Amino acid sequence: MPCAELMPSREYQIVQLEELEEVWEWLLPYVKKACKKDFNKFSPEDLKNLILEDKMQLWLGTREGRKEFGIFTDIIQFPNKRIGRITVGMGFKPLDNLAFLALFEKWAKEEYGCEGVQSDIHLGFEGMFTKAGWKKTHILMEKEI
């Protein structure tokens, strides 16, 4: 296995609407799995519709032209603060995304005037977010009834 320093870095971009169908075909199996893991708060169709309605963004991570992961984000407007939120992520080696976190933070601040960022994450991702300077502020417990 090649050393991480020698591997080409990932490129990140927001999927444009005219590219959505092509990306969606590749991403759909990952989206279904992620939705199920998140207690079906969203269905794949919900996420796609939110993209089409411009209420959410879909980011694609590629390496040397190969699709590796997708991340859904949105912007939340609280009464006193605007926050960029990472909502759902999935794909190949998602923990290799420190560069994405930095890009997302910059994008949220510059494009939307966000004063912060947040994400509900699975416990296995905590180390990556901590390395990027994020702080644990809450613990979300869930139970289906």
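Answer yes or no as to whether F42 is in contact with a strand residue (DSSP E or B) (Cβ under 7 Å, 6 or more places away or on another chain), part of a loop (DSSP other than H, G, I, E, B) and aromatic (F, W, Y).
So F42 fits the description; yes.
Restricting attention to the range 28-46, does a residue exist that is more than 25 Å from E111 (Cα to Cα), β-branched (V, I, T) and touching a Pro at 6+ places or on another chain (Cβ under 9 Å)?
Yes.
State yes or no: is I86 within 14 Å of E11 (Cβ to Cβ), touching a Ser or Thr at 6+ places or on another chain (Cβ under 9 Å) and open to solvent by less than 40 Å² (accessible area, probe 1.4 Å)?
Values: within 14 Å of E11 (Cβ to Cβ): no; touching a Ser or Thr at 6+ places or on another chain (Cβ under 9 Å): yes; open to solvent by less than 40 Å² (accessible area, probe 1.4 Å): yes.
So I86 fails the test.
Please give the number of the condition E21 fails out of (1) under 16 Å from D120 (Cα atoms); (2) assigned to a helix (DSSP H, G or I).
Every listed condition holds for E21 apart from (1).
Looking at D38, D46, D74, can you tell me which residue is surrounded by 12 or more Cβ atoms within 10 Å (Cβ to Cβ), modelled with pLDDT under 90 and within 30 Å of M141 (Cα to Cα)?
After ruling out the rest, the residue left standing is D38.
Which residue pairs have Cβ atoms closer than 8 Å, lie 6 or more positions apart in sequence or on different chains, and pair a first residue in the range 132-145 that is closer than 16 Å to K37 by Cα with a second residue that is of a type in the set (A, V, I, L, M, F, W, C) and part of a loop (DSSP other than H, G, I, E, B)?
Note: pairs meeting the criteria are E142/F39; E144/F39.
Anything in the range 97-145 that is closer than 19 Å to M56 by Cβ and open to solvent by less than 50 Å² (accessible area, probe 1.4 Å)? List them, or say none.
Passing the criteria: N97, F100, L101, F104, W107, A108, G113, C114, G116, V117, S119.
The values are calculated or read from the model by the stated rules, or taken from the named source; none is laboratory data. Owing to the predicted nature of the structure, the values given are computational and were not obtained by experimental measurement. Positions of Cβ are generated from backbone atoms using ideal geometry, with glycine treated the same way; all protein chains shown enter the neighbour counts. Remember, those area values only see protein heavy atoms, side chains included, never the ligands or the DNA or RNA. Shrake-Rupley method; radii C 1.70, N 1.55, O 1.52, S 1.80 Å.
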